[in-house]
Every structure is written in structure tokens, then in C-alpha cells.
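Colleague: Sharing a structure with you now.
The values are calculated or read from the model by the stated rules, or taken from the named source; none is laboratory data. Treat the numbers as computed from the prediction; the structure is a model and nothing was measured. Every residue, glycine as well, gets a Cβ built from its backbone with ideal geometry; the counts of neighbours run over all protein chains shown. These accessible areas exclude ligands, DNA and RNA; they are computed on the full protein's heavy atoms, side chains included. Shrake-Rupley method; radii C 1.70, N 1.55, O 1.52, S 1.80 Å.
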Amino acid sequence: MASEDADRFIDLERLAAIAIRQARVVALCAAIGLMLGVLYLVFTPAEYTAATRILLDDSLTKFAEEKDSGPAHIQADSTVSTEVEILKSARLAHAVVLAEKLHENEAFLNPPQSPIGWTKAQIKSIAGLFSFAPQPPASSVENAKIGKAVALLQSGLTAERSGRSYVIDVAFRSHDRKLAGAITRAYAEAYLSDQLDANFDATQRATIWLQGRLAELRDSSQAAALEVEKFRAENGLTSARGELISEQQLADLNSQLILAQADTANALGRYSQFKSIIESGPENAVRNATIPSDNGNSAVINDLKARYLNVTKREQEISTRFGEDHAQAVALRREQAGLEGRIFQELKQITESYRNEYEVAKARENSLRDNVGQMAGLSSETSQSLVQLRELEQKSAALSTLYQAFLARHEEASQQRSFPIAEARVISEANDPVAASSPRKSLVLGLSLVLGLFGGAAVGAFQEFRERFFRTGDDVRSALNINFLGYLPIVSARLTAAKPNDAGTKHQPREQTGSVTPRILRVAINAPASSFAETLRNAKIASDVVLQGKQCKVIGFVSVLPHEGKTTVAANFAGLLASHGARTLLIDGDLRNPGLSRGLSLAPDKGLVEAIVGDQPWRSTVMVDRSTRLAIIPAVVRGRLSHTSELLSGPGMHDLIEDARTAYDYIIVDLPPLGPVVDAKAFAPLTDGFVMVAEWGATPRALVRATLQAEPQVAAKLLGIILNKTDMKKLARYGSFGGSEQYLDRYSSYYVEQAGMNGKA
């Protein structure tokens, strides 16, 4: 079941059939896309691209200045990105415009345009006609040209980093190959000059500022040093090995206090641990006690605990084997209790020893803390003076360090001004391009073709999505679960033109020697070996099988919509039956639109209506085709009838059918469509079966299904469906692989088609 569900989910055969069916649409759209691509190439002016490569190399200035190792990766990325933005800046573009005089170059300011660009320019010019701005002065016109040249230059420039390197690729595209090369070279020169100018200007400004700042820092540093020495002398702040004696004593006491605090915390931890064990009771104390290795009683406790565990184990074994009341078990429990008491006493002694250690450590810590406090109080005045001294020393040292740094920077800046070396160089000179870079013909044509194919696939998918009609017999069986009787090919309009000897006059007798039916109604008779006739024979066999045992078979031909060829099929079916020797009566039961009667070569003056109401015996209304002996009861409608359903279901029609059953083998009734009127539904009790005619590729499946569900009395007697007006050339596209539709060409050797029939059967 899982494999079957997967096959239903992705039906490869159906997808292949759809692809074959829509191949022409896809090919047409691909051709259109390719043609549009060709038109684009024809009308789009060629562009040329010149490129140069610039390396950011700070090693060029290594002999002029001392630098640390290269920047970190993040900083390096930021540096390269910054230089790329400088290359794209308007200031650099402005310098190139002035250097190359691009604002005076009309070929640069007004390049050839593509059709889209030309259209935009025309729209802008038309919009500019409605703006009445004053005439700008000459200087504004010059600035406007420069601004336009700068904008064009920036739009045509491309600057990007090459991979993860320090190389920047600079390219410029233009419709003039020489202009593209010249502008690219000018950009490289302008960038290098801009770096030199920027370095020189920055160094010049820094040198001027540093000269004024150095004088201020020198005076401030000297004053701060004198103030430190004066304060030291006034407060008598002497030191040994660079540190005051009081500070050394206080530091020693602090170190001892820290060690004493650690000893106190350690003793308190051990005392608290054993105290909690003692407080938990003798039994828990014996089970949970940890024996310290540094205590003198540890060997005694270990021995007692080993004896305790041994007694406990023996007591459990004896209790398990002989019961808890056994004398030996009772004795062992008494011994176990005694051992618990002794272990508990030993633990209490250990806890008391740890308490004594804790009190000694606490007393030592308190003594050291008091000494530190006394020492701190004695040196408070010295500390306050020392704080002021350190503040003065820090200020003096900071001013001295700052002065030395500024002095070094001043000397470095003075030296850098004499080295006009940029930190970049051109590693690939821009040459005039030889071939156009845009539009790329292969890319444009390939993309146009691909877009055309995608467009064709979309159109084909849309057409498949809109497919709601009957195309194959499988559609009929899957949608309606009704017998499929076959395909009837499209009949050419040339067959509808009657030959001169086929038609008579209106006043000819009905028992004439010629045919009363036009050629469109005689296709099966004129071409008995055609696929058209073979389909009708299949319908005859189906009716004979289903209606087996009936002396006379009354078959109604219906359709859902008008103009589906129901009348033509009914007349040809009746003619085929008559040509095979069966006594056949054809009745035009479409009283509102009697297409069969209008198609007769003779215009009848009485017909079905007169026979039903009793004005004429029904036999007197019969017209006989002498060539096939087909009997026809036409419908002569005078005026617009609104009660046709009552006529077809009334007693007059009932009597006519019952009487005709005795005279004919088949009674074929051409009934109105099921959609517009209820005549076929009213006639259903009088018929033995229905044959439905649906137009191939035009009759919606949902409409037929809904109509049959609404007319159960018709659906119950439905013998099958014939697909009429089938385009036999297209039919194979809709058939599934392995279906009969795929082998129509092989069937053609068994058919002799009538001229004028479209498509092979």
C-alpha cells in the first residue's frame, strides 16, 4: 500500500505525458524568449571595462617610520573596506573629473542609451517641459556638468576587495574603450596622490599642534617635580628600599593575620563536623563518623569500628538463619551496643580536642587583629601624608611621561614630512579593453532561453491546471464510472455541403429515390470502414448487450450542453443501423430546437407534434430515406413551444412509442440537452437506454457529473458516453503510456477514412 500511495503522489508517467503535451507551448515560449534576447543584444550598446589592481602595502614606509607587526584580522578587514569606500567617494571622483576634464567630454556626459534608458530619458524630458525653472547662471551650469560627470563616474566604477588579500580591484565601464582605460588609470593615480596629500596634511597639522603643546607640558612637568620634593622634605617621609618602615611592619602583621584566620577557619570546620556527628546520636555517629588520620585515637577507633562491623555482620547472619530471638544473636547485639558506646566516647574525646584547637587559634587571631589595629592607628598620620605624596608623585610622573611621548611624536612627525611615500602601489596597470564586457551574448541568450523555458513551463502548467474537460476514456471512467463507447473524430465542414443531386425541392414526394438526410448525417453510411463508423458500431454492441432480450430497443441520445454534436451522432447511429438492415426509426425529439429536422433535404409540413396531439397518424409523418430505408419523424415547430416536456411524457408520445415498437427494431430519439430543459428527464420512462454525447475538450467533467447526479432516472439507464469532435492528432498527447490512444497510428491500417474527416482514427 505504501508503494501504491507513493506512485499516486508522484506519477512520473503523468508528468511525462504533460511534458509531451505542452512541449509546443514550451518551445514557443523559449523561441519568444530567445527572440527577445536577440532584440536586447541588437538594441543595447556595448560596454567596455578596464581594470587595475592596487595593493595596500605598508612595508613601503618601513625605512621611514617604525611600526609594530601587522594589524589584527578584524582591523585589517576594516582598513581594506575603508580604502574601498575612499575609492568610491565623490571627492576622489571629483578629482578624476577635473583631471581628465570629463565635464567637457560630451561622449562621456551623453553616452548611447539602451531602449529602456532611452524611454526613461524621454519621460523625464517630457516631465521637464511642465517645470518652468529660471535660467541658471553660467557657473551653475558648469557645476551641474561637473556633478553629472561625478555621478556618471561613480555609477560606472566598481571597487572591491580581491578575496581575503590586501589587493583592491578597480574597474570602470564605458561605451568608449579608450575612455574606459584612461579613466581607470586616472583613478589609480588620483588614489595614490590622495593618499600622499592626506598623509602630508595630517602630519603638517599634527606638527604645528605638537609644537605648542610641548612648551606647556615641559613647564607643567618641572613644576610637579619640585612640588614632590618640597612635600617630602616638609613631612619627613623617609623610606628604606623605596618603602616606609611603618608600612613594612604593617605588611608583616597583615600576613600573619591572614595565616591565623586560615588556621581558625580550618579548626572551626573540623570541630563543627565532629560536633554535628555527636549531636546526631550514638548510632548515627558510629555509622557516619569519619576517622581523622592526624588524631592519636584514630587507631583505637579503627579497631573498635572493625570489631563493630564484624559483630554486626555475624548478628545479621545468625538472625537470618536462626531468628532474632536466638541466644547468640541477643548476645551479639549486646556486644554491638557496647562497641557503639565505646566508639561514641572516643568520638566525643576527639570532638573536645578539636574544640580546644579552635579556641587557641581564635585567641591568636584576635591578638594579631588587635596588633594590626594598633599599628594602623599609629601610622594613620603617616599614611595620610603618604597618600598626598603619592598623588604628587603620580602627577609628576604622568606629566613627565606625557612630555616624553609628545616630544617623540613631534620628532617622528617632523621626519615623516620629508618622506612622500604612499602605503599603496599599482600592481596591474589598466589597459584599453579589446572586447566588450557587456552585454555578454552567450549569457543573455542562455538566460533568455532559460526564462523562456520557465515561462513556457508556467503557461503549460496553467493550461494543465485549467484542464477540466474530457480528453480520454480514462477520464470518463474515473470521473463518472460509466462505460466509455469511443471517440468520434472532427467532421470537416466540407461534408455539410450537399451535392446537387443530393437535394430535392420542397414539393418532392417523401418516397423519393434520393436521400433526405444531408451528408453530415451520413458519414457512417458513406464511410462504413472509418473510425467514425467503428465507434458507432461499438455503441450498437453496447446497447445490444445491455438491452438484450428486448424486441425493440428505444435509445435516446442526450448531451449536457447544446452544440456538442448530439444530433449528428444520433442520425449517423440510426443511419448505420438502417444500412445494416435493421428496421430503424429516427425521431427528432428536440421540439424547441429541432436541428435534425432543419438539416433534412426536404422541409416537412407535419411531424412529431401533430402525431402526439392526434392531428395526424404518426405513420403519415414518417419520412423514409430510400437509400438506407431509415424512417425519420421530424419535428415541425410553428412558434415557440413551452410545454415540450408534457408533450414528450404525455399519453400521445406513449402510444406512438408503443405502436412503433411493433414495427421497428430500433427507435432512436434525438432529445434536447439535459442542462437547459427537462425534456429528456420527462421522456426517460419511455426509453430503454440513453447514450450521452460529450464534446472532446469542451464539456466540463464536473458539469456532467453534477447533471447525472441530479438526474438519477437518466443515469440509471445510461449505456455509455461518446466523446465527439475529437482532435485525433492531439488525442495521443493526453493518453497515458500504454493506453490505446498511444497506438492510433497503428490502428489506421484497419480504417478507410472519408475525405474531410480531420485526424486519424
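Colleague: Could you tell me which residue of the range 286-317 is modelled with the lowest pLDDT, considering only residues that are aliphatic (A, V, I, L, M), open to solvent by less than 50 Å² (accessible area, probe 1.4 Å) and assigned to a helix (DSSP H, G or I)?
Modeller: Val286
Colleague: Look at Arg185 and say whether it is touching a strand residue (DSSP E or B) at 6+ places or on another chain (Cβ under 6 Å), at pLDDT 80 or above, crowded, with 18+ Cβ neighbours inside 10 Å and of a type outside the set (Val, Ile, Thr).
Modeller: no
Colleague: Here is a list: Gly575, Gly556, Gly581, Gly549. Which entry is without any contact (Cβ under 8 Å) to a residue 60 or more places away in the chain and either under 25 Å from Thr707 (Cα atoms) or in a helix (DSSP H, G or I) (or both)?
Modeller: From the options Gly575, Gly556, Gly581, Gly549, the qualifying one is Gly575.
Colleague: Show the residue pairs meeting these rules: Cβ distance below 8 Å; 6+ apart or different chains; first residue within the range 163-188 and of a type in the set (S, T, N, Q); second residue surrounded by fewer than 22 Cβ atoms within 10 Å (Cβ to Cβ) and not in a strand (DSSP E or B).
Modeller: Going by the 8 Å Cβ cut-off, the qualifying pairs are Ser174/Pro111; Ser174/Gly156.
Colleague: Can you tell me which of Gly595, Gly599 is at pLDDT below 85 and closer than 18 Å to Pro672 by Cα?
Modeller: Gly599
Colleague: Taking the range 475-500 as the region of interest, how many residues are of a type outside the set (Asp, Glu) and at pLDDT 80 or above?
Modeller: Total satisfying the criteria: 15.
Colleague: Right, something else. Please count how many residues of the range 136-156 are in contact (Cβ under 8 Å) with a residue 40 or more places away in the chain, under 20 Å from Thr82 (Cα atoms) and open to solvent by 20 Å² or more (accessible area, probe 1.4 Å).
Modeller: Residues that pass the stated criteria total 1.
Colleague: Somewhere in the range 195-204, is a residue over 54 Å from the mean Cα position of the chain (by Cα), part of a helix (DSSP H, G or I) and crowded, with 16+ Cβ neighbours inside 10 Å?
Modeller: Yes.
Colleague: May I pose another question? Could you grab me the full set of residues in the range 526-560 that are surrounded by fewer than 19 Cβ atoms within 10 Å (Cβ to Cβ), among the hydrophobic types (A, V, I, L, M, F, W, C) and touching a Ser or Thr at 6+ places or on another chain (Cβ under 8 Å)?
Modeller: Listed by number, the list holds a single entry, Cys552.
Colleague: Any residue at all in the range 634-647 that's modelled with pLDDT of 90 or more and either surrounded by fewer than 16 Cβ atoms within 10 Å (Cβ to Cβ) or under 17 Å from Val476 (Cβ atoms) (or both)?
Modeller: no
Colleague: Residues that are over 24 Å from Leu708 (Cβ atoms), part of a helix (DSSP H, G or I), open to solvent by 50 Å² or more (accessible area, probe 1.4 Å) and in contact (Cβ under 8 Å) with a residue 40 or more places away in the chain: does the range 614-633 have at least one?
Modeller: no
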